[in-house]
Every structure is written in structure tokens, then in C-alpha cells.
1. Among the residues of the stretch 74-91, is there at least one that is more than 20 Å from Ala45 (Cα to Cα) and of a type in the set (A, V, I, L, M)?
2. Select from the stretch 1-42 the residues that are in a loop (DSSP other than H, G, I, E, B) and of a type in the set (A, V, I, L, M, F, W, C) and list them in ascending order.
3. Those residues that are modelled with pLDDT of 90 or more, part of a strand (DSSP E or B) and open to solvent by less than 30 Å² (accessible area, probe 1.4 Å), I need them from the stretch 43-64; list them, please.
4. Restricting attention to the stretch 1-55, and to residues there that are within 13 Å of the chain's Cα centre (by Cα) and among the charged types (D, E, K, R), which single residue is farthest from Pro91 (Cα to Cα)?
5. Could you give every pair whose Cβ atoms fall below 9 Å, whose first residue belongs to the stretch 101-128 and is on the phi > 0 side of the Ramachandran plot and modelled with pLDDT of 95 or more, and whose second residue is among the basic types (Lys, Arg) and surrounded by fewer than 17 Cβ atoms within 10 Å (Cβ to Cβ), counting only separations of at least 6 or pairs across chains?
Amino acid sequence: PGNCWAFKGHQGQVVIRLPARVYLTAITVQHISKDASPSGTINSAPKDMAVFVSLLGTSGGALALEGDREEETLLGMFSYNVEKDPVQIFPLKNMLLPRAFSKVKLIVRSNWGNPWYTCIYRVKVHGK
């Protein structure tokens, strides 16, 4: 407990660079359970989240110039439920975009009530 990726407030984002291009199928988010929390609460857990991928550079080689707007596609929106298992898997909607990606952006839009910070213990990206 306490050894997490914490960010100020209830909103944040992270871009995960994958070791290779991956056809994305799901994402796992993990927080600690209420039983493992010294305070008995887990209001710092993420609640509403979204997963995006960048469409730039997916054709292989073109680099974005500074100032170019990245075109992003939403692969899923989901809510982490603090009443369920601490490890939760969320399927992504990559079938509309049948291609592999090397970066994934996870956006946390809210948490379970902590006004000072949000904590994530683990994020896993699944795919082929």
C-alpha cells in the first residue's frame, strides 16, 4: 500500500510506449483492496477512464512535426469498481481499427472521491 503511481487531483493521463506494435485487445487496471488499505478506504482509486491510440505514424515512418495535432481514436471508456476485484480487465474496441499500435494513452477522468490525489498500482496492456 502506498507504492503506486500517484498524481495530483482526480484527473491525469499516461502514455505507455509498448516494446513492439500490438493489436490491442484489453487493458487491466489494478488498485489495492479496502482490506489492504491502512485507512480502510480506497477513495484514491481511479473511477472513470478512457483509452486512446494515436493514428500518427501508424502507416510506418511518418513522424509528426512539432505543432501538428495528433489524431487520436478512442478504444474504450470504462469505470473501475472499488466493490469488485482489485484487478479489473476491460476489453478494448480495436475491431473498428484493425491495426497494431506502439503507444497507448490512458486518461483518468475521475476517482472515488479523494480531492488531493489519485493512485494506480498497475496497468497492463493486452494484445497480439
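The values are calculated or read from the model by the stated rules, or taken from the named source; none is laboratory data. Keep in mind that what you see is a predicted model, and the values were worked out from it rather than measured. Backbone-built Cβ (ideal geometry, glycine too); neighbour counts: all protein chains shown. For accessibility, only protein heavy atoms count, side chains too; no ligands or nucleic acids. Shrake-Rupley method; radii C 1.70, N 1.55, O 1.52, S 1.80 Å.
1. Yes.
2. Cys4, Ile32, Ala36, Ile42, listed by residue number.
3. Of the stretch 43-64, the ones modelled with pLDDT of 90 or more are 43-53.
If we keep only those that are part of a strand (DSSP E or B) too, we end up with 46, 48-53.
If the condition is that a residue be modelled with pLDDT of 90 or more, part of a strand (DSSP E or B) and open to solvent by less than 30 Å² (accessible area, probe 1.4 Å), then Pro46, Met49, Ala50, Val51, Val53 are the ones that fit.
4. Arg17
5. none
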